[in-house]
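What follows draws every value from the coordinates through simple rules; no lab data is involved. Being a predicted model, the structure only gives us computed values, none of them experimental. Please note: Cβ atoms are built from the backbone with ideal geometry, for glycine as well, and neighbour counts cover all protein chains shown.
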């Protein structure tokens, strides 16, 4: 099942790239492995997957220790400040920075470990009350402030679009995030570039790729439905 699912997602990304005149190499597929056992990640690894995304710090750390060193781990879930120290040096990219306090705490922890943390700024483009992320109009000023932190490197933007039956409904959201990234890139802020657009999940990643996503986060489409009982137990 896993191989068929992965082949299907790869083919859909390839076709979306073709439709939008992009190279397949421009898009990184992040296999979102939250709640999934190590054995399933090992199977995906055997099929060539090297980039995995986790929503919870505890799961990322446990799987980081259990799996091969050449895996690139992405922290894609909401990050609590007291958990930062566990993932600096383990997460290649933190997708969910949505407050100055969080950015400052990541910067301090990265300084302690003598490294620079790569981050994305999470933007709540759809303005959903149930979602984390900065309001779009707050992002430019936020970038100005975060760019002053010596141990942070802003690599781009991330958004979680609403779950919709018709993925076309999310096209304006993805297009907006891309435009926002272009506008911010023009400012040439210190420690900041806008090379990454993390947007699109199982339900709408094809549309996200057409609108410029450089990273798509696909979980259910690869691994199948999740056990939320297991999630809640963590």
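Just a few scattered comments:
- Distance between segment 32-110 and segment 154-192 - C-alpha centres, whole angstrom: 22 Å
- Relative contact order of segment 69-184, defined on C-alpha pairs under 8 angstrom at six or more residues apart (%): 23 percent
- Simple spin-label estimate for residue 113 and residue 39 in nanometres, 7 Å along Cα-Cβ: 3.1 nm
- Label-point gap, in nm, between residue 169 and residue 225 - each point 7 angstrom along Cα→Cβ: 2.1 nm
- Taking label points 7 Å from Cα along the Cα-to-Cβ direction, residue 141 and residue 3 give a separation of 5.5 nm.
- Computed extension length for residue 15-residue 58: 11.9 nm, one decimal, from 0.36 nm per residue of separation with the Cα-Cα distance subtracted.
- Relative contact order of segment 2-223, defined on C-alpha pairs under 8 angstrom at six or more residues apart (%): 21 percent
- Fully extended contour minus Cα-Cα distance, from residue 92 to residue 188, at 0.36 nm per residue: 32.3 nm
- Extension reserve of the residue 78-residue 129 stretch, reckoned as 0.36 nm per residue once the Cα distance is removed: 16.9 nm
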